[in-house]
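Asks: Below you will find the structure I want to go over with you.
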Amino acid sequence: MTSTNHVQAKQELLNDPTANHEHLPILGHAELLDGAQKLVFDTTPEDANTIASIQTIAGTGANHLGALFLAKTIRPRTVWISDPTWINHEEIWKLADPDIKRQKYPYFNKEILDLDFEGAMSTLSSMAGEGDVVILHGCAHNPTGRDFTKEQWRAIASICEQKRLIPFFDLAYQGFATGVWMKMLGP
């Protein structure tokens, strides 16, 4: 059953002469992308040209397009996936390029029911190689819900920079759990 509000909203959209009812451009809705970039990256006009964004169909579509893009352009040897992780990550990368190794890095310690930050850092420091991709859940890690602290994020950024790793952020739940993660990082 359709509610009156839905019918009214649909009618308002249909009657709005300024509403664009055509297909979106290939990259998506420009105003949505601009707003999302400002929210996620806190962009300024000076750095807006250093960030590329596209609109996708939900999280699986975004992860799949990102994996395909990286598989075809930088051709990483390995993608590092947290253990545990969202069930689709491994399959998405297998479909993008079955020759890219899918390795796990420790994320959650089931014995103490908390992050295994030391295990993650140790694994990435000793085993990840230049050009490898590291999937990082920006916030509300799926399935644990546990997030890195500000200091831990800085340490991860440092490892990525030192080892020239490619961070791939899965940001499905921004604003949940510990909050808006980029704002938390500070200057």
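Asks: In segment 44-59, how many residues are outside any helix (DSSP H, G or I) and under 17 Å from the mean Cα position of the chain (by Cα)?
Replies: Of the residues in segment 44-59, 7 are outside any helix (DSSP H, G or I) and under 17 Å from the mean Cα position of the chain (by Cα).
Asks: For P76, work out the one condition from (1) loosely packed, with under 12 Cβ neighbours inside 10 Å; (2) part of a loop (DSSP other than H, G, I, E, B); (3) assigned by TED's automatic domain parsing to the domain that holds I156 it doesn't fulfil.
Replies: (1)
Asks: Could you list all residues from segment 79-92 that are free of Cβ contacts under 8 Å to residues at least 40 places away in the same chain and surrounded by 17 or more Cβ atoms within 10 Å (Cβ to Cβ)?
Replies: I92 - this is the single residue of segment 79-92 that is free of Cβ contacts under 8 Å to residues at least 40 places away in the same chain and surrounded by 17 or more Cβ atoms within 10 Å (Cβ to Cβ).
Asks: Where residues in segment 101-117 are under 15 Å from G145 (Cα atoms) and among the acidic types (D, E), which of them is surrounded by the fewest Cβ atoms within 10 Å (Cβ to Cβ)?
Replies: Checked segment 101-117; the qualifying residue surrounded by the fewest Cβ atoms within 10 Å (Cβ to Cβ) is D114.
Asks: Return the residue satisfying two criteria in turn: it lies in segment 95-142 and is part of a loop (DSSP other than H, G, I, E, B) and among the β-branched types (V, I, T), and of such residues it is modelled with the lowest pLDDT.
Replies: Restricting to residues being part of a loop (DSSP other than H, G, I, E, B) and among the β-branched types (V, I, T), the top hit is I112.
Asks: What's the total number of residues in segment 1-24 that are modelled with pLDDT under 75 and of a type in the set (G, A, S)?
Replies: 2
Asks: Taking G145, is it part of a loop (DSSP other than H, G, I, E, B), more than 21 Å from S53 (Cβ to Cβ) and outside the structural domain of I26 (by TED's automatic domain parsing)?
Replies: It is true that G145 is part of a loop (DSSP other than H, G, I, E, B), more than 21 Å from S53 (Cβ to Cβ) and outside the structural domain of I26 (by TED's automatic domain parsing).
The values are calculated or read from the model by the stated rules, or taken from the named source; none is laboratory data. All values derive from a computational prediction rather than experimental measurement. When we count neighbours, we look across all protein chains shown, and the Cβ atoms used for this are built from the backbone with ideal geometry, even at glycine.
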